[in-house]
Amino acid sequence: MTADDVQRFEEIIKDGGIAVFPTDTVYGLGAHPDSVEGVHRLYWIKGRSPDRPAAVLFFDLERALADLPEIGVKTQAAIDRLLPGPVTLLIPNPATRFPLACGAEPSRLGLRVPKLDERLAPLAEVTVPVLQSSANPTGESDPRSLDEVDARIRRGADIELDAGVRGGTPSTVVDLSTYEDTGEFEVLREGALSAEEIGASL
């Protein structure tokens with residue numbers, strides 16, 4: 001994965017295309033979160049219902065926080081403790097940002113900022129947000145490598161980025177939607193980061 005590959009990736013996402021790309025956990029399928037055409041193509045290729053939510057991924061935490069200025073002080077502190085990392089956080093979305101990613105729950109937004117290792121480092125230059133779901137048909141296993149991505153998904157994508165074999169365990173999903181008011185959180189899916197590690201951070 002070269003700097004030129006990453007530049008083309010960003011251009012395709014900006015233009016409403018879709019991409020297969022690596023994260024710190026598994027391979028993802030991405031589109032611009034404000035592109036109706038791109039998001040609909042992504043869901044169609046996966047065989048996923050558009051009323052199911054997806055995460056919005058940023059490759060830089062500061063860019064994420066700048067795009068989500070309504071985040072409360074306590075919630076932002078929790079985000080700072082958990083991201084970047086193999087975690088998807090459900091946070092309040094009072095401004096209803098990125099509604100195409102929210103499915104039937106526009107009051108909550110899934111936020112993802114992967115930790116960029118040496119192989120993923122070129123992705124730090126990407127400035128656009130990416131609506132991201134794992135690059136697998138709905139209900140099937142998450143791909144650890146580009147070779148494991150379903151052929152139909154690969155044919156439907158406009159670009160593929162390869163960073164070798166990833167860990168293979170999907171992100172841990174943590175609900176922070178009431179954290180600002182109550183300090184409470186819930187681990188909805190235990191993945192690459194254990195519930196104990198989440199608890200210790202929060």
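General observations
- Screening the range 80-118 for residues that are among the hydroxyl-bearing types (Ser, Thr, Tyr) and on the phi < 0 side of the Ramachandran plot and picking the one that is most open to solvent (accessible area, probe 1.4 Å) gives Ser107.
- Residue within the range 37-44 that is over 14 Å from the mean Cα position of the chain (by Cα), assigned to a helix (DSSP H, G or I) and of a type in the set (Val, Ile, Thr) present: no
- Filter pass, Gly110 being among the small types (Gly, Ala, Ser), modelled with pLDDT of 95 or more and either under 30 Å from Leu202 (Cβ atoms) or assigned to a helix (DSSP H, G or I) (or both): yes
- Taking the listed residues Glu160, Glu190, the one that is closer than 22 Å to Ala31 by Cα and surrounded by fewer than 19 Cβ atoms within 10 Å (Cβ to Cβ) is Glu160, with no other qualifying.
- Only a single criterion out of (1) surrounded by 14 or more Cβ atoms within 10 Å (Cβ to Cβ); (2) within 22 Å of Glu11 (Cα to Cα) is not satisfied by Pro137, namely (2).
- Filter pass, Ala121 being touching a residue at least 40 places away in the same chain (Cβ under 8 Å), within 17 Å of the chain's Cα centre (by Cα) and open to solvent by less than 60 Å² (accessible area, probe 1.4 Å): no
- Some residue of the range 55-63 being surrounded by fewer than 20 Cβ atoms within 10 Å (Cβ to Cβ), more than 14 Å from the chain's Cα centre (by Cα) and of a type in the set (Asp, Glu): yes
- Odd one out for Thr182 among (1) of a type outside the set (D, E, K, R); (2) in contact (Cβ under 8 Å) with a residue 12 or more places away in the chain; (3) farther than 24 Å from Gln7 by Cβ: (2)
The values are calculated or read from the model by the stated rules, or taken from the named source; none is laboratory data. Since the structure is predicted, the reported quantities are computational estimates derived from the model, not experimental observations. Neighbour counts run over all protein chains shown; Cβ positions are idealised from the backbone, glycine included. SASA here: full protein model, heavy atoms, side chains in, ligands and nucleic acids out. Shrake-Rupley method; radii C 1.70, N 1.55, O 1.52, S 1.80 Å.
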